[in-house]
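Reading through the structure tokens given below for one structure.
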């Protein structure tokens, strides 16, 4: 039974992907900061497959060690989905609190790299790391300097990691706009009901996980679901 670690798995895209993998009989180690929501997700998915819930903050080194330890000696997939937006509404860079920006980078950049460092010795040839990114990493949206620059840093780290680790697959995946709590926080007071649910981004992630596409950056909704072929 293949095993995946998914961070930020108590709701949104992380939970949607966990559900899809559970249906495919993947064993799961799930992380999120919200204990109650994470345990609820673990109970749901535990009726389908093997699930271990490890609540905590991925920015905490001891917690990261606990997550990887819970997974065991062989890990087939790491999905770095957990991230934070920063202040809402998001301030311009000229007024961005640097201590808050530092925390955004700890969660969105350093934690994914730290988890990758821990997982790499347990990842078999052909295993995969998926780092969830955003179009804010490549587009200079007004007010998105903190979150966007953190995702840009994550993308460059991912690209270099892929070059240094040719025996595995390292993907950065832009899931597109989604109707999630984080997206709502990014647009306080606005109606985001027209955004698609995160489940619509899952087939593209599965195409990468189950297919043979090379390491790189992909948009989830541009991917097909058969053999990792671009639709």
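FYI, it's all coordinate maths here, none of it is from the lab. These figures come from a predicted structure and were not determined experimentally. Counting neighbours? That spans all protein chains shown, and the Cβs are built from the backbone with ideal geometry, glycine included.
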Can you work out the base-10 log of I(q)/I(0) for the range 3-222 at q = 0.09, 0.12, 0.16, 0.18 1/Å, using the Debye formula on its C-alpha atoms alone? -0.32, -0.59, -1.10, -1.42
Which length gain, in nm to one decimal place, applies between residue 213 and residue 70 when the Cα-Cα distance is subtracted from 0.36 nm times their residue separation? 48.6 nm
With the contact rule set at Cα under 8 Å and sequence spacing of 6 or more, what percent relative contact order holds for the range 1-136? 26 percent
With Cα atoms, 0 to 90° folded angle of helix 145-164 axis to the chain main axis: 30 degrees
When the scattering of the range 1-61 is computed by the Debye formula from its Cα atoms alone, each counted once and equally, what is log10 I(q)/I(0) at q = 0.18, 0.19, 0.22 Å⁻¹? -0.50, -0.56, -0.74
GNM flexibility winner over the chain from 97, 175, 55 (Cα, springs under 10 Å): 97
Give me the distance in nm between label points sitting 7 Å out from Cα along the Cα-to-Cβ direction at residue 221 and residue 141, one decimal. 1.3 nm
Could you state the angle between the C-alpha long axis of helix 35-46 and the longest principal axis of the C-alpha atoms of the chain, as a value from 0 to 90 degrees rounded to the nearest 10? 30 degrees
Please give, to one decimal in nm, the separation of the simple spin-label points placed at residue 120 and residue 1, each 7 Å out from Cα toward the Cβ. 3.0 nm
In nm, what is the difference between 0.36 nm times the number of residues separating residue 160 and residue 48 and their Cα-Cα distance? 36.7 nm
Rg/Rh for the range 14-106 to two decimals, with Rh computed the Kirkwood way over all alpha-carbon pairs. 1.06
Taking the Cβ-Cβ separation of residue 57 and residue 25 as r and a Förster radius of 22 Å, what is the calculated FRET efficiency to the nearest 0.05? 0.15
Mind ranking 156-167, 43-54, 125-136 by how tightly packed they are, going by the mean number of other C-beta atoms within 10 angstrom, highest first? 125-136, 43-54, 156-167
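Once fully extended, how much extra length lies between residue 103 and residue 39, figured as 0.36 nm per residue of separation less the alpha-carbon to alpha-carbon distance? Walk me through the numbers before you get to the answer.
Details: separation 64, 0.36 × 64 = 23.04 nm, distance 2.55 nm.
Working it through step by step, the gained length comes to 20.5 nm.
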Take the alpha carbon atoms of the range 133-182, find their center, do the same for the range 82-122, and report the distance between the two centers in whole angstrom. 11 Å
